[in-house]
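Report on one structure; see the data block that follows.
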Amino acid sequence: MSNANSSESYLLLVEFVHKHLDFHDAELQSILDMHGIVVGTDCHFLPLPNSDTDTTADGDRGSFQNHSTTSKSKSNSNKRPFRILSFAWKSIGSKYAVCDEDPDSDAASPTRNGGSNDTVNLITALARCTLVRSVMELWGAGPSIDDCATSIRMGSSLRRHREGRHLRRRNIGNTKQNDSTPIKPYPERTWKITIHTLGSTYTRQEQNEMRSKFSFLQFPGPVQMKHPDDEYLFIREVELDAMGGAVYPRHCKGDDGKTKKELIPENDARPPLACYFGRVLGNGTLGRNWRGSNRLFRYSLKKRTYLGPTSMDSELSLIMTNLAQVRKGSFAFDPFVGTGSILLAAALRGARAFGTDIDLRVLRGRSSTENIVSNFKQYDLPPPELVRSDNSIYQRHFRKHLPLFDAIVTDPPYGIRAGARKSGSRRGDGEARPIAEEFRYDHVAQTRPYAVSDVMADLLNVAAMTLVMGGRLTYVIPSMLDFDAEEDLPRHDCLRVVSVCYQPLQTELGRRTVTMEKVKDYDERRREEYLEGTWVNGPQSAEKVANIRERLMEAARKKPGYEEKAAWRKQKRKETKEAKKRAKLEGVGRVAVDSECRHANDDDGRD
Amino acid sequence: SPLLITATEIRVDEPTSASSSDPAQQQREIAFAKNILPSLDWPTLLQGAKAMGMESLPPMVTPELAADEGFLRALYHVLMDVHLVNGMLTCPDTGREFPVTDGIVDVMLQESECD
């Protein structure tokens, strides 16, 4: 890293969590772009030390089209959980801020039409990434701890930190650049050095030896273990396997699965992949573990009152809202809303939500306290607008030529879980029985199966019609490894593909989260042409998606959380059945006995 | 043509004192209203609001109004806090009715109306 700390650059090290590997770059770029930070112009990705193993080091342009090869899962296990971002030093403290601010403040909230001169707080921006574990100001890096220390000596980070110009907290609402809250002077700042060794454990003594390599920095203030002003971080990176464990573990495991503290000498002697040293950002407001601070667990599915078999896991929903760049005050749409889990994520980002579904029972939920709206209420969010309609004839329901939505985020029915439906008689002869006037609006229109190729063609066309220019569609599509994103993805003349992220579910089975952006106005006269052009390779691409129903069911059964959901549903059905049975057998006069029975049942260990 | 609203039951969500004094919430409302204003068909909105018992909207939106935060917040309130819980949407041309039940609008078409 010879150009590591040139006086021109300010470097950030982004550490990702070890899941959804294929989503890291797509989510990061999407968030950066949302804040007006263009990779390649406003900032650059720098290669990591020892980066001949890093398949995405050349990712300045973020060429996501390449992330579609069948060997995706293999290259992901080589993907390292770090990114180095390089900014122009002179932009820090002016165009970009790195000081702690109230993370909920709207001071840096991005607007679509914001050609704003407002300072963008990089911490607030990056904190939105679901997959970012932490961010630090990178002082030095290298293929060994000594190289890392040397690169610090050769750089300007310590001097800059002593000067502290870029640390000043900007006064919110104040337009004068020079007006800022003074920070604690350097000689008084408390500090500590945290050691983070990926996939390996080191003794306290070993850690202190690592710390001693940085004693040349000679921080004047006192060491403070809890909530210091400055937390420094030394990271020792090694090769990780797909599960996030070390490929060459330092210690061998005992037969009981627990680590026996026996060193494996040849592994222990291996040099690290990289060593990094820097100062943790967001220390005051976020702490070092940003994900914990985001309190994502609050939104976990477990706590939600209304769930169904198709509820999208909350983490993927949140990631989707980032890929779709859902902003505060925007309008988000899910045409296949189901139980509303994706819309909920959009509402958590501050959007107002609109959802449609063909299935009235799903829209209404199980009861007035267990439905989509009650889920929103549970999190104190404004309720979504819900309409029962058929996406395949969207233009018959709603006013045409109305680009209204900033984002469309959805998990379409592929005939896999919910059994995709659209309006129209099951009788293929096209003859429909006319309904008498007085019954008209109570009649539940019959539905018939909705071919996957049509689901996607209609979805893309509705997106092209209803998205504002620059608005995004993010959807999930299950696929086998034989699915080639170049050829098999549905296309639309008005939309361009922004990213495709693969999530393996089973060996050959996974799903892709596709993001598209509206780049051309919709022309109603070309409607048939748009629909015909959806599949580059013809409908057989769609069939690749449609024929994996059973295998996806298998994969879902193996997923964590499925057992709980299935057991819960089973329990509920049992309870409802028993309650109905009791009500039938026993009349009103035996209510007292009935409640006795119920109490007795409660005691048999069921919680 | 825009559907006519027959309202049987309306619910107006009054903002809690907490949210109405929360500046972040106010900014969200203003941003949303500003964002959606260009897409609104004002005469239709006036008509719909009237059917829902809201007569407070101005007959026209001038550029000054469009930039006024008070107006934008009031617009947000009319758009997003007034809910048709039960009622009917009727097409003035065909008489076709679309029911609204428990806040959910059902615009499903019959088999004969589908292609």
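Summary of computed values
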| item | result |
| --- | --- |
| Heavy-atom accessible area order for A:Ser51, A:Ser541, A:Ser212, largest first, 1.4 Å probe | A:Ser212, A:Ser51, A:Ser541 |
| By accessible area with a 1.4 Å probe, ligands and nucleic acids excluded, highest first: order of A:Lys328, A:Lys581 | A:Lys581, A:Lys328 |
| Residues of the stretch B:36-58 buried by at least 50 Å² on assembly (accessible area, 1.4 Å probe, chain alone as reference) | B:Ser39 |
| Area accessible to solvent at A:Thr576, 1.4 Å probe radius, in Å² | 70 |
| Buried area at the A-B interface (accessible, heavy atoms, 1.4 Å probe, summed, Å²) | 3000 |
| Shielding score for A:345-354, defined as the mean number of other chain Cβ atoms within 10 Å | 2 |
| Among the listed pairs A:Lys518/B:Lys34; A:Lys79/A:Lys558; A:Lys19/A:Lys574; A:Lys79/A:Lys328, those beyond 27 Å (Cα-Cα) | A:Lys19/A:Lys574; A:Lys79/A:Lys328 |
| Ranked packing of B:48-61, A:465-478, most packed first, by mean Cβ within 10 Å | A:465-478, B:48-61 |
| Shape of the stretch B:31-82, Cα gyration tensor, a/c cut at 1.5 | prolate |
| Carbon + sulfur, % of accessible area of the stretch B:1-98 - ligands and nucleic acids excluded, 1.4 Å | 57 |
| Sites A:Met154 and A:Val247 - FRET efficiency at Förster radius 45 Å, r taken between beta-carbons, to 0.05 | 0.90 |
| Accessible surface, per residue, of the stretch A:486-535 when the full set of protein chains is kept, probe 1.4 Å, Å² | 44 |
| At least 10 Å² of accessible area lost relative to the chain alone, listed for the stretch A:373-393 with a 1.4 Å probe | A:Pro383, A:Glu385, A:Leu386, A:Val387, A:Arg388, A:Ile393 |
| Helix-only [θ]222 nm of chain B, DSSP H runs n ≥ 4, -39500 (n - 2.57) each, per residue, nearest 500 | -11000 deg cm²/dmol |
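The values are calculated or read from the model by the stated rules, or taken from the named source; none is laboratory data. All values derive from a computational prediction rather than experimental measurement. Methodologically, a virtual Cβ is constructed for each residue, glycine included, from the backbone with ideal geometry; neighbour enumeration extends over all protein chains shown. To get the accessible areas, we keep the full protein, side chains included, count just its heavy atoms, and leave off ligands, DNA and RNA. Shrake-Rupley method; radii C 1.70, N 1.55, O 1.52, S 1.80 Å.
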